[in-house]
1. Taking the stretch 340-358, which residues are at pLDDT 90 or above, within 14 Å of the ligand (Cβ to nearest atom) and in a loop (DSSP other than H, G, I, E, B)?
2. Which of the following residues is on the phi > 0 side of the Ramachandran plot and within 13 Å of the ligand (Cβ to nearest atom): 66, 109?
3. Which residue pairs have Cβ atoms closer than 8 Å, lie 6 or more positions apart in sequence or on different chains, and pair a first residue in the stretch 132-150 that is within 10 Å of the ligand (Cβ to nearest atom) with a second residue that is modelled with pLDDT of 95 or more and assigned to a loop (DSSP other than H, G, I, E, B)?
4. Restricting the first residue to the stretch 413-442 and requiring it to be on the phi < 0 side of the Ramachandran plot, which pairs with a second residue that is surrounded by 22 or more Cβ atoms within 10 Å (Cβ to Cβ) and modelled with pLDDT under 75 meet a Cβ separation below 7 Å and a spacing of at least six or different chains?
5. Return yes when residue 30 is more than 16 Å from residue 304 (Cα to Cα), away from the ligand (no atom under 15 Å from the Cβ) and out of contact with any helix residue (DSSP H, G or I) (no Cβ under 8 Å at 6 or more places or on another chain) and no when it is not.
6. Check whether at least one residue in the stretch 174-184 is within 16 Å of the ligand (Cβ to nearest atom) and in a loop (DSSP other than H, G, I, E, B), and report yes or no.
7. Looking only at the stretch 181-208, which residues are closer than 27 Å to residue 240 by Cβ and surrounded by fewer than 19 Cβ atoms within 10 Å (Cβ to Cβ)?
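The values are calculated or read from the model by the stated rules, or taken from the named source; none is laboratory data. Since this is a predicted model, take the numbers as computed values, not measurements. For neighbour counting, all protein chains shown are included, and Cβ atoms are generated from backbone atoms with ideal geometry for every residue, glycine included.
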Ligand SMILES: Cc1cc2nc3c(=O)[nH]c(=O)nc-3n(C[C@H](O)[C@H](O)[C@H](O)COP(=O)(O)O)c2cc1C
């Protein structure tokens with residue numbers, strides 16, 4: 001597969017084309033130091049062997065922001081060094097640090113904006129980015145990613161909402177001024193042999209915000225200034241965020257937030273046209289070597305393969321790799337049928353919003369990281385109880401309710417305890433097809449935690465017949481036998 005062909009990105013060769021984009025874990029304390037939990041989280045990601053790991057946003061200044069990693073002074077270097085070293089020791093994975101500057105927000109609803117910054121303060125921020133990038137290099141990271149996306153300072157300069165009246169606002173050239181100064185200063189500090197990527201929005205996804213045409217111009221400027229890769233995100237803005245009294249505003253609560261982390265109801269690869277459009281313009285202007293990372297609800301192996309074959313150089317998978325960090329290894333080793341698929345229910349996002357430790361709801365209750373399998377490769381898969389799965393479907397207020405019997409894992413006693421007391425079973429995959437279908441026609445529809453052998457399908461229409469089946473899986477994701485299919489037709493509307 002093309003996904004697993006090595007690829008040159010700036011001065012580095014990545015072993016494959018899968019990227020873990022930055023994902024805040026809220027595992028650090030407010031002190032911002034790397035701790036054991038953070039190390040374990042990234043070692044776990046590294047075990048799955050993506051080509052590139054982008055470590056979550058690290059603050060380049062001391063502004064308060066709950067639990068967030070910091071890279072704002074030399075005191076953070078020992079922890080960061082440990083983190084980079086442990087990732088490298090775990091697998092042939094490259095690791096970069098995402099560095100971020102953000103402005104102040106308060107519980108009262110007030111927030112500082114780029115309109116408030118003096119030119120001296122902007123110069124200070126530029127210097128902070130350069131110093132932080134230098135520290136990332138010193139700490140042994142393979143590169144640095146400049147956070148110029150979402151609601152943060154550099155993205156606010158790029159934004160069409162940037163209404164500064166001086167050289168830093170108004171025209172696209174002026175909106176690009178501070179981000180360009182940052183990139184130049186970073187490159188001057190770390191040199192050409194250190195990977196430098198930039199993450200920015202391909203579209204702001206807010207009224208009067210910018211979209212692909214501006215993003216293409218931004219990409220060309222960043223390419224000319226020596227960015228090695230561009231990681232394309234979308235939305236995540238303050239402008240349309242939902243204000244809750246007494247709580248600092250969270251920029252992922254409005255429609256632009258949905259576009260940044262598209263949930264269940266949105267199409268797969270929702271933001272793909274942005275990465276694709278940016279790649280096209282880079283190629284057309286003589287920058288084919290500047291790599292583009294597309295992210296946003298990418299989880300199916302065939303889809304990821306199609307993307308790296310025809311659309312962008314690299315695929316980013318954040319929530320899918322949180323759910324199952326072993327996705328890259330499983331696909332590479334022909335074990336895609338044991339992937340645990342993300343639900344896109346955005347519980348991880350809600351945890352981030354409330355400053356709680358970011359976990360995945362599909363993991364066993366209380367697990368701080370995706371569990372490792374303690375079992376041998378050839379361990380027997382889960383089984384249904386003697387009477388079978390007894391899958392039943394009935395209508396519940398216009399939706400379809402499925403119930404089934406709990407499966408058991410033959411080696412539950414050998415496994416590392418039984419998640420949720422669910423007999424060693426880790427979860428269930430719900431499969432669905434429209435019409436009366438044999439099991440071959442059924443496709444992945446949902447992932448269910450082991451503790452709840454029931455599922456309510458809300459994505460159904462009157463007058464349509466649906467066929468369902470379920471498969472249990474263990475900690476390795478190895479599926480047990482498919483249940484007998486069951487069909488149900490909804491009354492016509
Ligand atoms: C819990 C959480 C934390 C995130 N933290 C960051 C971050 O620190 N920096 C960043 O650029 N994006 C962050 N993102 C956005 C992701 O990198 C990614 O763009 C988004 O989740 C869409 O990709 P996906 O559909 O593969 O999850 C975060 C997303 C989630 C769910």
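1. Within the stretch 340-358, 341, 342, 343, 344, 345, 346, 356, 357, 358 meet the criteria.
2. Values: 109 fails: within 13 Å of the ligand (Cβ to nearest atom).
Step by step, each of 66, 109 is checked, and only 66 is on the phi > 0 side of the Ramachandran plot and within 13 Å of the ligand (Cβ to nearest atom).
3. Close Cβ pairs satisfying both conditions: 145/22; 147/22; 147/101; 149/236; 150/235; 150/236; 150/237.
4. Pairs found: 415/424; 418/424; 426/419.
5. Working: more than 16 Å from residue 304 (Cα to Cα): yes; away from the ligand (no atom under 15 Å from the Cβ): yes; out of contact with any helix residue (DSSP H, G or I) (no Cβ under 8 Å at 6 or more places or on another chain): yes.
It is true that residue 30 is more than 16 Å from residue 304 (Cα to Cα), away from the ligand (no atom under 15 Å from the Cβ) and out of contact with any helix residue (DSSP H, G or I) (no Cβ under 8 Å at 6 or more places or on another chain).
6. If we filter the stretch 174-184 for residues that are within 16 Å of the ligand (Cβ to nearest atom), which is where we start, we get 179, 182.
Applying the additional criterion that residues be in a loop (DSSP other than H, G, I, E, B) yields none.
Checking the stretch 174-184: not a single residue is within 16 Å of the ligand (Cβ to nearest atom) and in a loop (DSSP other than H, G, I, E, B).
7. 207, 208
Table: residues versus (1) more than 18 Å from residue 136 (Cβ to Cβ); (2) without any contact (Cβ under 8 Å) to a residue 24 or more places away in the chain; (3) outside the structural domain of residue 231 (by TED's automatic domain parsing).
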position: 161; (1), (2), (3): yes, no, no
position: 164; (1), (2), (3): yes, no, no
position: 191; (1), (2), (3): no, yes, no
position: 198; (1), (2), (3): no, no, no
position: 202; (1), (2), (3): yes, no, no
